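Let me begin by presenting the structure, written as structure tokens, before commenting on it.
Please treat every number below as a calculation from the coordinates, not as lab data. Model, not experiment: these values are computed from the prediction. Every residue, glycine as well, gets a Cβ built from its backbone with ideal geometry; the counts of neighbours run over all protein chains shown.
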Amino acid sequence: MAAACKPLRFKTGSLPQTCSMRLHFLLFLSLSALVLAACQPTPETRTVSTLAPPPQIENEAEIVARGEYLVRTSGCNDCHTAGYAERGGKVDKAQWLLGSPLGYNGPWGTTYATNLRLHLKDMTEAQWLEYSANLRTRPIMPDFAVREMTREDRRAIYRFVQSLGPAGEPAPAYLPPGRTPPAPYFTLVLPQAPAAAPVGGH
Ligand code: HEC
């Protein structure tokens, strides 16, 4: 069985570790796990289990840059930075994520995109990671998108926001349904909830 490993090594003529890496790769390609298991007893392939994890971004500047990229491309600025969409994203970073006076009015009342720089100010990284993994907000915040982000990406956002530092004022307070907000605000008039789907329907 160990022969399953050796031909690979001989063909490439490379170091034993290359063999292990190739096997690791092949495993991901759904090649039989048996091949890997067969290789494990041989000394050179014991490294399969001790291989370094995939490279992670550990450099602080890179983490912060990743956070900036995510904030820029995941839409956080669209709502949490006043005037961002109107100016086609041409807003100085110093003004990013300071919250917005633009209300989102709907059946839930009126919500305002939070000043994230103040919101994260007193949160430790560990607190943010726990909080953001379980984030639940009112509409129109896509809390589900943040919950789906990897821990690394949520950490990068945290580091980026911390790098900007706290600034600005809190966004206007949430208004319950039935209260007309002052301008500017969007009103969402939603269709009636559909009737329960018929059994077997799509
Ligand atoms: C479509 C607009 C929109 C987008 C896009 C958006 N947000 Fe929000 N966000 C809001 C609104 C509005 C609220 C306030 C919700 C509420 O009152 O419960 C909010 C609240 C939050 C909160 C909770 C703050 C609190 O006060 O409890 C966090 C954290 C947050 N947003 C982070 C993000 C991040 C990170 C992104 C980008 C990945 C993002 N948001 C994208 C509109 C948006």
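Some observations on this one:
- Estimated distance in nm for a label pair at Asp122 and Glu58, the labels positioned 7 Å out from Cα along Cα-to-Cβ: 3.4
- About its Cα centre, the stretch 60-187 has a charge dipole of approximately 200 debye under the convention of +1 per Lys or Arg Cβ and -1 per Asp or Glu Cβ, with nothing else charged.
- Qualifying trypsin sites (Lys or Arg not before Pro) in the stretch 84-145, DSSP loop, other Cβ atoms within 10 Å at most 13: Arg87, Lys90, Lys121, Arg136
- Two-decimal Rg/Rh across the stretch 60-187, once Rg and the Kirkwood Rh are taken from alpha-carbon atoms: 0.96
- Pair Thr187, Asn134: separation of 7 Å Cα→Cβ label points (nm): 3.7
- Ranked Phe160, Phe186, criterion: other C-beta atoms within 10 Å, fewest first: Phe186, Phe160
- Since only Thr110, Ala167, Phe144 are under comparison, the one whose Cα sits farthest along the positive direction of the charge dipole of the stretch 60-187, derived from C-beta charges on Lys, Arg, Asp and Glu, is Thr110.
- Between Ala94 and Arg72, the C-beta separation translates, for a Förster distance of 22 Å, into a calculated FRET efficiency of about 0.90.
- Whole-number D in µm²/s for the stretch 63-109 (Stokes-Einstein; Kirkwood sum over Cα pairs; 37 °C, 0.692 mPa s): 287
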